[in-house]
Amino acid sequence: MPQNEAPKDIRKGPKAKPIHERNLSQQELTPILYPERTYSQSQRIRVLTFLESHQIPISPLGGHRKPTQTEASERYQIPQRTISHWVRRKKKIEEFGKRSTVRKMVEESSRYSGRVLWPELDSRLYRECIERREAGRSVRKGWFRMESQFQF
């Protein structure tokens, strides 16, 4: 190959089929009944605020009423069932701010605390792990799981 030419892109495996040649399986043909959707905290609060504080005129004479969940669903393109769930959980959604206790609890539970619950078991597993590695044997997650259950 000459030096000034770039190497051709080499693909591994069979070539991908074009869409018109592909066949759908039975599972792919079934309609999606409940599409997965997630909504941000600000979106939830926006919808709940709309339900709580917005006023819809009833008549030209000046009467007003609060919007229904169905109207909020149509306005924000969110399923009414989801909005209904948010209304029931309104207090928790309001509490989930930047400095809320709920958020702190979630963050603390998801972080590793570093505290060892069984120090003797931990040190014994560590010693055995070092011995196995020095002997040239593999040490994987499954070994730790099985060995810790056996020794516990």
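Restricting to segment 79-98, and then to whatever is surrounded by 10 or more Cβ atoms within 10 Å (Cβ to Cβ) and modelled with pLDDT under 90, can you tell me which residue is nearest to ARG44 (Cα to Cα)?
Checked segment 79-98; the qualifying residue nearest to ARG44 (Cα to Cα) is ILE93.
Give all pairs with beta carbons closer than 8 Å in which a residue from segment 42-55 that is assigned by TED's automatic domain parsing to the domain that holds LYS90 and closer than 13 Å to THR82 by Cβ meets a residue that is at pLDDT 85 or above and among the charged types (D, E, K, R); count only pairs at least 6 apart in sequence or on separate chains.
Final answer for the pair search is LEU48/LYS90; LEU51/LYS66.
Run ARG137 past the list (1) part of a helix (DSSP H, G or I); (2) over 30 Å from ARG37 (Cβ atoms); (3) at pLDDT 90 or above; (4) not aliphatic (A, V, I, L, M) and report the number of the one that doesn't hold.
(1)
The values are calculated or read from the model by the stated rules, or taken from the named source; none is laboratory data. Please read all numbers here as calculations on a predicted model, not as lab measurements. Note: ideal-geometry Cβ built from the backbone for every residue, glycine included; neighbour counts use all protein chains shown.
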